[in-house]
Amino acid sequence: MAQAKVHSSEGGLLSFDLVAEAQRVKLGDRDANLLTYNGQVPGPRLEAKPGDTVQIRFTNRLNQPTNLHYHGLHIPPTGTGDNVFLEIPPGESHTYEFQIPPNHPAGTFWYHPHYHGLVAEQLFGGLAGLFIVRGDLDEVPEIKTAQEEFLVLKDYALDRSGNIPDPGHMAQMTGRIGDLLTVNGRFNPTLEIPQGGLLRLRLLNASTSRFFALSLEDHPFYLIATDGGAIAAPVEMNELVLAPGERVEVLVQGDREPGQYRLVNQPFNPAQGMMGRGMMGGGSMGGGMMGGSQRQSTTETIATLTYNGTTEPLPLPDQLIAIEPLPETQTTRQFSLNHGMGTGMGMVFLINGQAFDHNRIDTQVRLNTVEDWEIVNTGTMAHPFHVHTNKFQVISHNGQPVPYAAWKDVVSVSPGESVRLRMSFRDYVGKTVYHCHVLDHEDRGMMGILDIQPA
């Protein structure tokens, strides 16, 4: 399968020019006017190693301000690091420079805009790219022998002229969803595996609001990594549910009859709750915007796995990377997620009853401490909760312990659900944010400022 251009670090340095601009590009077989990084969707894949220095000379050629968020990377949230409070005006440039810590885990991370109020629009327009950290997981012998594919999952909406339609009022409240499902900017690309082979799939849900529920005909997935990197041992699963912003890595064994097998998405959209129904934008041509809780009953094929050739059967790994347990803590904070009506702007989305305010510190923590956060969804829509700078471990859902330990930076909290996370604040002080990763919800207030104070 054709992949995005890759730019890897050399001699401990990843130095790269990145430009955000509107471009006419091919989306599958269609001409589309999208927002691009370096003229392509998804953007270039960046690869680095623990200890590397990263220099990204970023230029904004959009007609609105923007910035970059390095989603999942454990780097400084201030200065020239993962600073979401930066405003890079149209026509201006900014050089991001940071070091990936020497002990940073290997994993599948990504970069996307994070200028508050415009995040959903800019990501929906096409601005997203993978940021891969290579390390210990890549050296596990069985994984090293596996063939690797990167799948950036993203939905789009196009009108007849190839433009993104105005999302309309309802989609801006519930979260914009397009009916064109792409993998790496293509429709139903082919993945190949030799019979007996092992395929490592790295999946990113780069959608603004859409959840994916994926299964592969006649093949289980073997989960080997989540948002924050490797888990301790493979976990067999038949379905992968990915909220916006989530990543997983899975292995697929080529141990079936040679043939073609569909990677299918079962459409469902818990983010939209019971808000209303129907299509927006498009029309009979397809490529429209969906709003409300429309649940299609048909599965959609998003990629096809084809057997090609044979190889000596490759085994699955038994062990991956041990997960350090975080110590139990006396500190528990409550975060309640809901929505309400704002003055003159329709629906606003709230954390602990408040919409985002640039001038307010919502949560203050100390460096080198561990806290439990209890995230409770009292509303009617699912909210994928994302914390910047430090990853966490999910401890329980509705009081039930989770089946295996994993490092996460996004966890979906369903209506009526309570999720407990445990987080250690390490290495960096300064202001950062936590928010809902249904990005229309974030833009409409569902974000708070986290201030990490010196120990």
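Restricting attention to the stretch 328-353, the residues that are free of Cβ contacts under 8 Å to residues at least 24 places away in the same chain and in a strand (DSSP E or B) total 2.
For Thr66, indicate whether it is in contact with a Phe, Trp or Tyr (Cβ under 8 Å, 6 or more places away or on another chain), touching a residue at least 12 places away in the same chain (Cβ under 8 Å), open to solvent by 10 Å² or more (accessible area, probe 1.4 Å) and not small (Gly, Ala, Ser). Judged against the criteria, Thr66 is not a match. So, Phe385, is that one open to solvent by less than 10 Å² (accessible area, probe 1.4 Å), of a type outside the set (Asp, Glu) and within 20 Å of the chain's Cα centre (by Cα) or not? Taking the combined requirement at face value, the residue satisfies it. Each residue in the stretch 1-47 was checked for being among the hydroxyl-bearing types (Ser, Thr, Tyr), surrounded by fewer than 18 Cβ atoms within 10 Å (Cβ to Cβ) and farther than 29 Å from Pro102 by Cβ, and 0 pass.
Residue-by-condition table, conditions (1) in contact with a Gly (Cβ under 8 Å, 6 or more places away or on another chain); (2) more than 30 Å from Leu223 (Cα to Cα); (3) open to solvent by less than 20 Å² (accessible area, probe 1.4 Å):
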{"position": "Phe356", "(1), (2), (3)": "yes, yes, no"}
{"position": "Arg366", "(1), (2), (3)": "no, yes, no"}
{"position": "Gly379", "(1), (2), (3)": "yes, yes, yes"}
{"position": "Gly399", "(1), (2), (3)": "no, no, no"}
{"position": "Pro403", "(1), (2), (3)": "no, no, no"}
{"position": "Val410", "(1), (2), (3)": "yes, no, yes"}
{"position": "Ser414", "(1), (2), (3)": "no, no, no"}
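Look at the stretch 431-447: where a residue is closer than 21 Å to Asn269 by Cβ and a partner is surrounded by fewer than 23 Cβ atoms within 10 Å (Cβ to Cβ) and modelled with pLDDT under 95, sitting 6+ places away or on another chain with Cβ atoms under 6 Å, you get Asp440/Gln172; Arg444/Val348; Gly445/Val348. Being over 24 Å from the mean Cα position of the chain (by Cα) and either at pLDDT 95 or above or open to solvent by less than 60 Å² (accessible area, probe 1.4 Å) (or both) is the filter here, so list the residues in the stretch 338-351 that pass it. The answer is Gly340, Gly342, Gly346, Met347.
Taking the residues in the stretch 237-276 that are of a type in the set (Asp, Glu) and assigned to a loop (DSSP other than H, G, I, E, B) as candidates, determine which candidate is nearest to Phe109 (Cα to Cα).
Glu246
When each of Pro315, Pro325 is tested for being open to solvent by 90 Å² or more (accessible area, probe 1.4 Å), of a type outside the set (S, T, N, Q) and outside any strand (DSSP E or B), the lone residue that passes is Pro325.
Scanning the stretch 429-438 for residues that are out of contact with any Ser or Thr (no Cβ under 6 Å at 6 or more places or on another chain) and either open to solvent by 10 Å² or more (accessible area, probe 1.4 Å) or in a loop (DSSP other than H, G, I, E, B) (or both) turns up Val429, Lys431, His437. Looking only at residues in the stretch 238-255 that are more than 28 Å from His435 (Cα to Cα) and open to solvent by 10 Å² or more (accessible area, probe 1.4 Å), the one that is farthest from the chain's Cα centre (by Cα) is Asp255. Among the conditions (1) open to solvent by less than 50 Å² (accessible area, probe 1.4 Å); (2) within 18 Å of Ala230 (Cα to Cα); (3) not in a strand (DSSP E or B), His441 misses just one, which is (2). If the condition is being polar (S, T, N, Q) and not in a loop (DSSP other than H, G, I, E, B), then the stretch 392-418 contributes Gln393, Ser396, Gln400, Ser412, Ser418. Each residue in the stretch 79-119 was checked for being of a type outside the set (Val, Ile, Thr) and assigned to a loop (DSSP other than H, G, I, E, B), and 23 pass. Within the stretch 219-236, being surrounded by 23 or more Cβ atoms within 10 Å (Cβ to Cβ) and either in contact with a His (Cβ under 8 Å, 6 or more places away or on another chain) or outside any strand (DSSP E or B) (or both) holds for Asp227, Gly228. Filtering the stretch 163-218 to residues that are more than 23 Å from the chain's Cα centre (by Cα), in a strand (DSSP E or B) and either free of Cβ contacts under 8 Å to residues at least 60 places away in the same chain or buried (at least 19 other Cβ atoms within 10 Å of the Cβ) (or both) leaves Ile193, Leu198.
Within the stretch 100-136, the set of residues being surrounded by fewer than 20 Cβ atoms within 10 Å (Cβ to Cβ) and charged (D, E, K, R) comprises Arg134, Asp136. Taken together, the residues in the stretch 87-99 that are open to solvent by 40 Å² or more (accessible area, probe 1.4 Å) and under 30 Å from Glu148 (Cα atoms) amount to 2. Against the list (1) open to solvent by 40 Å² or more (accessible area, probe 1.4 Å); (2) part of a strand (DSSP E or B); (3) at pLDDT below 95, the condition Thr301 fails is (3).
The values are calculated or read from the model by the stated rules, or taken from the named source; none is laboratory data. Quick caveat, the model's predicted, so the values are computed rather than measured. Every residue, glycine as well, gets a Cβ built from its backbone with ideal geometry; the counts of neighbours run over all protein chains shown. To get the accessible areas, we keep the full protein, side chains included, count just its heavy atoms, and leave off ligands, DNA and RNA. Shrake-Rupley method; radii C 1.70, N 1.55, O 1.52, S 1.80 Å.
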